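> Can you keep this structure in mind? I'll have questions shortly.
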Amino acid sequence: MAVFDDRASGSYQLDVVVRGPHATAGAARDTAIERDYEALRRPLRAMVQTDFPWLRDFDGLYQEAWTELLELEARGEVVQNRKALLKKIAWRRALDSSRHRRLVSVDPSGPLIADTPDDAPAPDEAVQIHLTAEALRLPRQ
């Protein structure tokens with residue numbers, strides 16, 4: 001049960017909170033969650049960006065992974081290794097998002113392909129080069 005003391009000062013900050021008998025356990029759990037949330041961000045970002053460099057929305061992916069983890073804990077599941085589970089969830093979410101990303105079509109007459117030089121000989125040029133090389137070869141003795 002929370003009690004808010006609004007002193008009508010124009011500020012709506014929480015002044016007094018009255019909690020039940022399990023307040024210290026809940027506060028310790030919340031502190032651990034906050035600590036892990038910040039501590040695990042960098043290693044998870046590195047893992048996801050290494051495996052999925054085209055992924056742009058890491059923060060959304062991180063939020064989804066944490067949401068799934070907290071839902072598991074709320075259902076009573078025991079999570080022994082929070083970091084490993086978050087990595088697994090984040091990697092699977094990144095894989096799913098990469099499977100559903102849209103392909104970008106390229107116009108064959110556009111500047112990307114038109115400005116790219118082609119150094120390989122055309123088929124008719126390759127035939128002519130082959131015939132000329134055969135004509136220049138000396139007969140074996």
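Every number in this text was worked out from the coordinates using simple rules, so none of it is lab data. The shown structure was predicted, so the numbers you read here are calculated from the model rather than taken from an experiment. Using ideal geometry, Cβ is built from the backbone for each residue, glycine included, and neighbour counts are taken over all protein chains shown.
> Once phi is turned into ³J(HN,Hα) by the Karplus curve 6.51 cos²θ - 1.76 cosθ + 1.60 with θ = phi - 60°, what whole-Hz value does each residue of the range 52-66 show in order, with x for glycine and proline?
9, x, 7, 6, 9, 9, 5, 4, x, 5, 5, 4, 4, 5, 5
> Tell me the label-point distance for the pair residue 120, residue 99, using the 7 Å Cα-to-Cβ offset, in nm and rounded to one decimal.
Taking the simple label geometry, residue 120 and residue 99 are separated by 3.3 nm.
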